[in-house]
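The values are calculated or read from the model by the stated rules, or taken from the named source; none is laboratory data. This is a predicted model, so every value here is computed, not measured. Don't worry about glycine lacking a Cβ; one is built from the backbone with ideal geometry, like all the others, and counts go over all protein chains shown. Surface accessibility is based on the protein's heavy atoms, side chains included, excluding ligands, DNA and RNA. Shrake-Rupley method; radii C 1.70, N 1.55, O 1.52, S 1.80 Å.
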Amino acid sequence: MATSQAASDSSQPAQSQTVRVVIKGRVQGVFYRNWTIENAIQLGLKGWVRNRKDGSVEALFSGNPNSVQEMEQRCRRGPPAAMVTGLEVFPSDDDPGSGFERKPTV
């Protein structure tokens, strides 16, 4: 019994997941970054969000895997004035920091 318990413990999902997300479409000038900050804080995520010079928005989300997945789904819709045409998600080892912040445009 102890062996099967140990085996099931090792298959448990990680307690924390970190992803980098690039959102494309009409996502600048529509309060996408502020909306992202509000939603990420609501879900208890750490990380950051920033505009990119190519017109996209980039974000790093870190936290409970279910919350990260929910944030990805929310980003597909975005705030009311946004028109999301693409969402790319990449696993990341970047340090998310201790809260959720807005970073300067890159």
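A few comments on the model shown:
- The chain, helix-only ellipticity at 222 nm - DSSP H runs n ≥ 4, -39,500 (n - 2.57), divided by all residues, nearest 500: -9500 deg cm²/dmol
- Relative contact order of the chain, pairs being alpha-carbon contacts under 8 Å that are 6 or more residues apart, as %: 39 percent
- Angle in degrees between helix 65-77 and the longest Cα principal axis of the chain, rounded to the nearest 10: 20 degrees
- Computed from Cα positions, the angle between helix 32-42 and the longest principal axis of the chain comes to roughly 30 degrees.
- Coordinate range along principal axes, alpha carbons of the chain, Å, largest first: 58, 25, 23
- As a rough guide to protection, the peptides 74-83, 25-34, 96-105, 53-62 ranked by mean Cβ packing within 10 Å, highest first, stand as 53-62, 25-34, 74-83, 96-105.
- Counted residue by residue at 0.36 nm each, then reduced by the alpha carbon distance between them, the extension gain from ASN64 to GLU38 reaches 7.7 nm.
- Those aspartates and glutamates that a straight Cα-Cα span of less than 17 Å connects to LYS24, excepting residues fewer than 8 apart in one chain: ASP54, GLU58, GLU72, GLU88
- If the segment from VAL106 to ARG76 were pulled out straight at 0.36 nm per residue, it would be longer than the present Cα-Cα gap by 8.6 nm.
- Mean projected area in nm² (Cα convex hull; one quarter of hull surface) for the range 27-79: 3.2 nm²
- The chain - accessible surface per residue (Å², probe 1.4 Å): 60 Å²
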